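K.L.:
Structure provided below as structure tokens; questions to follow.
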Amino acid sequence: MRPFRYRRPAEVAEAVALLDAEPEAAYLAGGTNLVDLMKLGVQRPNLLVDVTRLPLDTVEPLPGGGVRIGANVRNSDLAAHPVIRRDYPVLTRALLAAASGQLRNMATTGGNLLQRTRCGYFQDTSKACNKREPGTGCAARHGQNRDLAVLGWSEHCVATHPSDMAVALVALDAVVEAHAADGPREIPLTHLHREPGDRPEQETTLPRGALITAVRLPPSPLARRSAYHKARDRASFAFATGSVAAALDLSGGVVRDVRLAYGAVAHRPWRAYRAEETLRGQPFTPELAARAADVELAAARPLAHNAFKVPLIRNLTVRALTELAGQP
Ligand SMILES: Cc1cc2nc3c(=O)[nH]c(=O)nc-3n(C[C@H](O)[C@H](O)[C@H](O)COP(=O)(O)OP(=O)(O)OC[C@H]3O[C@@H](n4cnc5c(N)ncnc54)[C@H](O)[C@@H]3O)c2cc1C
Ligand code: SF4
């Protein structure tokens, strides 16, 4: 491992200034992703700015409804928070479907959002990877790509975003609050992660050195009837091969409103706007849910080894929405 320096600021402005002054510095939160990548030689920061002592570890209900989640709130605390469990069950379910209890005790909200892809070639420094080393090629494009993207990929990168939590947050219309050297900003979560295009090394729309300080959830009566369904190779402690976050508002059997997002299918958590449009205003049936998924997935371009993801996501969509439709 390359030698690095370590700082532990007590204030947001100090943390942002440290990153701004050092092009090769990185924020350290729970370390469950960054430290692994440092051991593999994939990330080689010269300075770690430990953000875990910043006062960003509370879940605050907001006066007009909704909730602000500090960037340092641990995944296990967030999943167990009574307001999240009651008002945003899709988020609790997505968090509990991820990793293991020990990892969730360490992992933070900010770190979870910015965790890197699990593409095996990205993690192997002997392989070509445009994301790790721009211009070297993409070993996954014609390699082992079973776990990789079917939507929104480019010839330069076919990686997926691995977070379960981010899929739920995209469905919930969450907003990211961040601080950069030039001041604070807000980014809808649907716009935080980029498609790879010809710059797969640019994963988000955050300016370099920006610190995520919080994630804000708007009030959403819809979200009380919400769920997360995840398919994976093992029943626990495994990343998704495909996942669906859904929230449904039915009135007299008709879809008044709906939110749908897909995970493990693209470089970003995938909000299924076309499927939502297909569902709104229609009497709910499982057949309608399947048709809505088909409309969304018409844009899918499976790779050599992952065509199974298209029917998988279709089936998860039907299962999630049918379960929600059956709830009182
Ligand atoms: C064995 C294993 C299994 C896993 N399974 C799953 C799974 O099934 N589903 C899932 O979703 N995840 C899974 N994970 C990933 C885990 O959820 C992430 O590693 C974790 O959420 C990252 O959070 P962290 O706080 O440890 O981030 P860190 O590792 O500390 O940081 C991750 C990245 O975020 C940056 N960062 C951290 N905080 C901030 C901030 N506030 N502002 C700006 N940048 C920041 C860091 O610089 C770094 O680039 C698994 C991980 C492991 C090791
Ligand atoms: S899919 Fe992306 S992360 Fe994986 S090898 Fe290709 S460029 Fe690298």
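K.L.:
What is the Cα radius of gyration of region 166-313 over 2.2 N^0.38 Å, N being its residue count?
P.N.:
Details: Rg = 16.7 Å, N = 148, 2.2 N^0.38 = 14.7 Å.
The value comes to 1.14.
K.L.:
Once both labels are modelled 7 Å past Cα along the beta-carbon direction, what's the Ser251-Ala17 spacing in nm?
P.N.:
Those two pseudo-labels are separated by 5.3 nm.
K.L.:
Can you classify the chain as rounded, prolate or oblate using the Cα gyration tensor, where a ≥ b ≥ c are the square roots of its eigenvalues, rounded means a/c under 1.5, and otherwise it's prolate if a/b beats b/c and oblate if not?
P.N.:
Details: a/c = 2.00, a/b = 1.27, b/c = 1.57.
Oblate, since a/c reaches 1.5 and b/c is not below a/b.
K.L.:
Further question: Have a look at the DSSP beta bridges in the chain and tell me what percent are antiparallel, nearest 5.
P.N.:
Restricted to the chain, the bridges split so that about 85 percent are antiparallel.
K.L.:
OK, next. Rounded to a whole number, what is D in µm²/s for region 116-175 from Stokes-Einstein with the Kirkwood radius over alpha-carbon pairs (10 °C, 1.306 mPa s)?
P.N.:
Diffusion coefficient, whole number: 128 µm²/s.
K.L.:
What Kirkwood hydrodynamic radius, in Å, does region 243-323 give when the mean of 1/r is taken over all pairs of distinct Cα atoms and then inverted?
P.N.:
12.6 Å
K.L.:
Give the span of region 32-115's Cα atoms along each principal axis, as three whole-Å numbers ordered largest to smallest.
P.N.:
Here the Cα extents, ordered largest to smallest, are 44, 26, 16 Å.
K.L.:
Taking the chain as the reference, fit the longest principal axis to its C-alpha atoms, fit the long axis of helix 286-297 to the helix C-alpha atoms, and give the angle between the two in degrees, 0 to 90, nearest 10.
P.N.:
Its long axis makes an angle of about 40 degrees.
K.L.:
With the contact rule set at Cα under 8 Å and sequence spacing of 6 or more, what percent relative contact order holds for region 167-250?
P.N.:
That works out to 30 percent.
K.L.:
Further question: Just the Kirkwood number for region 231-273, please: inverse of mean 1/r across all distinct Cα pairs, in Å, one decimal.
P.N.:
Computed over Cα pairs of region 231-273, the Kirkwood hydrodynamic radius comes out at 12.0 Å.
K.L.:
Can you compute the equivalent ellipsoid semi-axes for region 30-176, i.e. the square root of 5 times each eigenvalue of the Cα gyration tensor, sorted largest first and rounded to whole Å?
P.N.:
31, 18, 13
K.L.:
Once both labels are modelled 7 Å past Cα along the beta-carbon direction, what's the Arg8-Glu186 spacing in nm?
P.N.:
Output for this residue pair reads 3.3 nm.
K.L.:
Hey, can you rank 148-157, 188-197 by average C-beta count inside 10 Å, highest first?
P.N.:
Working: 148-157: 22.5, 188-197: 18.7.
Descending packing order for the listed peptides: 148-157, 188-197.
K.L.:
Another question, then. For region 225-328, what does the relative contact order come out to in percent, with C-alpha contacts under 8 Å and a separation of six or more? Let's see the in-between values first.
P.N.:
Values: 180 pairs, mean separation 28.1, N = 104.
Relative contact order comes out at 27 percent.
K.L.:
May I ask for log10 I(q)/I(0) of region 173-232 at q = 0.21, 0.23, 0.30 Å⁻¹, from a Debye sum over the Cα atoms as equal point scatterers with solvent left out?
P.N.:
Treating every Cα as an identical point scatterer, log10 I(q)/I(0) equals -0.91, -0.97, -1.18.
K.L.:
How far apart, in nanometres, would the label points at Glu323 and Glu287 be if each is projected 7 angstrom from Cα along the Cα-to-Cβ direction?
P.N.:
2.5 nm
K.L.:
Any idea how far the Cα center of region 6-45 sits from the one of region 195-239, in Å?
P.N.:
Comparing the Cα centres of region 6-45 and region 195-239, I get a distance of 20 Å.
K.L.:
In addition: Can you give the relative contact order of the chain as a percent, counting alpha carbon pairs under 8 Å and 6+ residues apart?
P.N.:
Answer for the chain is 17 percent.
Read-outs throughout are calculated quantities, based only on the coordinates presented, and are distinct from any laboratory measurement. The structure presented is a predicted model; accordingly, all values stated were derived computationally and were not measured. Quick reminder, even Gly has a Cβ in these numbers, built from the backbone with ideal geometry, and neighbours come from all protein chains shown.
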